[in-house]
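Undergrad: Mind having a look at this structure? Questions to follow.
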């Protein structure tokens, strides 16, 4: 190729890279306008993150600026390692584009009544976007601020990877700690000094661990086996003490961790079916409902057709047995089905169970749409403790037993059979694996753990209704194991904390918490499809085409 051709090619590539930067800025502008028009900026303006400086609405808008400007800088530096300081320019350009689009929204909104279509396009929103300075001064400040924020995000892309991760964690930690302080302890944000200390603490911890973490793991791996076991015992003891102390946070946090724990239980069961065996089950809520209704029927004094009512502990083994039987019965007709067909059939099974409990046909037996109430507590709380605080210890015991069962099964012969079946059923059968027995065992085990979750759910609320067992429960449990890491047992815990615990803590944000929930799911699937704590084998499968 001639020098002229090479020069033209380089110019085209440069133009393409900068067009991607502009495109990222335009996308960021659309996201910022959407956040404003759905009312998040205005509605969350009264919730303080940093006292006297930042509200939650402003933090969300700043997050859009920083994230999209950083992405724009990455598109430039990722495409050209020699771009260097130009990444700052790329970030500033993206930030400026976002501000220009917001400024256009303000100008149009003041000329045209947008509230006929967008009810949140109010004068209060224009005031917030112009920083209280009006037009045109506020718009000039907005564009200047956007360029500065974008330049800072572009500068972040220039930092070494360890320092960049540490600074990013510090920035994210400040609003999270502030929101947790407000949600759990009725706080009012954090002070500017507190925010600075939080940022410094998490940045230092992250950077320090990234520097010495690898060496520490190597040193631990070099220790004699006895000392390694001792360190593991100390670590697990610390985790156990922390888990046992969680109810001391109070009744409301205990209610949240109980809900998270129930989803962990169901996630561990569905992880066996989907993560280990590769059987896509969208009707998993059926076993959850059967466990709850078994407890309700056997324990509630409202059920008069039974001559004898059991305690929760006496009814629990029966609920587990019902789960095992129903899991086996579901498995029999779907033995020859795979993939989407299996998902559709199991989805139908879940809806059938819910509609049966809702029907007037069984109303004399299970209460119909009125459900079952007056379900007794599993354990009466001692003085000074609420029912939810005591229930956590039952949930924790169930999680420990379920995790132990799942771990033992995963590394057993049946676990290897499940994984072989997940990879290729035909090859697994050719190798002598009994697919009928293997599939039925997966369904039965997963259903049993889901039934335990349903039994705890029934005593947690002391009442159950058919509408509590809709398809969304199955979708949420499936999302938990996907986000946590398919086939990963620790990933189930992390996924439940991320997708169940955080939305529960963010109930004060009303409908916006589900918007954030969906955005996080989309971001996770795009940037980290293997999950937060993926299984090593699955991570390799998803990244086998990438260069090492």
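Undergrad: Kirkwood Rh, segment 12-158, all Cα pairs: how many Å?
TA: 15.4
Undergrad: Only counting other Cβ atoms within 10 Å, I'd like 418, 361, 312 sorted with the fewest neighbours first.
TA: Details: 418 28, 361 10, 312 20.
Fewest-to-most Cβ neighbours within 10 Å comes out as 361, 312, 418.
Undergrad: Also: Take the alpha-carbon centre of segment 326-365, take the same for segment 212-241, and report the distance between them in whole Å.
TA: When both Cα centres are located, 46 Å separates them.
Undergrad: If I take every Cα pair under 8 Å that is 6 or more residues apart in the chain, average their sequence separation and divide by the length, what percent do I get for the relative contact order?
TA: 15 percent.
Undergrad: Okay, next question. I need to check one value: relative contact order of segment 342-419, counting alpha carbon pairs closer than 8 Å and at least 6 residues apart, in percent.
TA: 11 percent.
Undergrad: Continuing with the same structure: Taking a temperature of 37 °C and a viscosity of 0.692 mPa s, what whole-number D in µm²/s does Stokes-Einstein yield for segment 288-399 with Rh from Kirkwood over alpha carbon pairs?
TA: 204
Undergrad: To continue, here is another question. Looking at segment 183-268 from every direction and averaging, what is the projected area of its Cα convex hull in nm²? Before the final figure, lay out the partial values.
TA: On the way: hull surface 34.1 nm².
Average of the hull's projected areas for segment 183-268 equals 8.5 nm².
Undergrad: Taking segment 245-343, how much of its Cα-Cα pair set, in percent, is spaced more than 23 angstrom apart?
TA: 43
Undergrad: Hey, another quick one. Identify which of the listed values of semi-axes √(5λ) of the Cα gyration tensor in Å was calculated from the structure shown: (1) 54, 29, 20; (2) 43, 34, 25; (3) 46, 31, 25.
TA: Answer label, from the structure shown: (3).
Undergrad: Now a separate question. Can you run the Rg to Rh ratio on segment 327-477? Use alpha carbon positions and the Kirkwood inverse-distance Rh.
TA: 1.04
Undergrad: Just need the relative contact order of segment 249-542 here, percent rounded to a whole number, with Cα pairs under 8 Å and 6+ apart.
TA: Working: 495 pairs, mean separation 99.0, N = 294.
With pairs under 8 Å counted, the relative contact order is 34 percent.
Undergrad: P(r) for segment 249-542, please, calculated from all Cα pair distances in 10 Å bins and given in %.
TA: Histogram of Cα-Cα distances, whole percents per bin: 7, 28, 35, 22, 7, 1, 0.
Undergrad: With just the Cα atoms defining each centre, how far is segment 117-196 from segment 411-478? Give it in Å.
TA: Their Cα centres are 43 Å away from one another.
Undergrad: Separate question: Using helices alone, what [θ] at 222 nm do you get for the chain, with -39,500 (n - 2.57) per DSSP H run of 4 or more residues, divided over all residues and rounded to the nearest 500?
TA: So the helix-based figure for the chain works out to -24000 deg cm²/dmol.
Undergrad: Arrange the following residues from fewest to most other Cβ atoms within 10 Å of their Cβ: 423, 218.
TA: Ordered from fewest to most neighbouring Cβ atoms within 10 Å, 423, 218 come out as 218, 423.
Undergrad: Arrange the peptides 98-107, 404-413 so that the one whose residues have, on average, the most other Cβ atoms within 10 Å appears first.
TA: So the peptides 98-107, 404-413, ranked by packing, come out 98-107, 404-413.
Undergrad: Further question on the same structure: Regarding segment 83-184, what is the average projected area of its C-alpha convex hull, in nm²? Spell out each step's value before the answer.
TA: Values: hull surface 35.2 nm².
So the Cα hull casts an average projection of 8.8 nm².
Undergrad: I would also like to ask the following. How far apart, in nm, are two points set 7 Å out from the Cα along the Cα-to-Cβ line at residue 436 and at residue 43?
TA: My value for the distance between the label points is 5.4 nm.
Undergrad: OK, next. Roughly how many Å is it from the Cα centre of segment 271-313 to that of segment 33-72, as a whole number?
TA: Here the two parts' Cα centres lie 43 Å apart.
Every number here is computed from the coordinates shown, using simple stated rules; none is lab data. Quick caveat, the model's predicted, so the values are computed rather than measured. Counting neighbours? That spans all protein chains shown, and the Cβs are built from the backbone with ideal geometry, glycine included.
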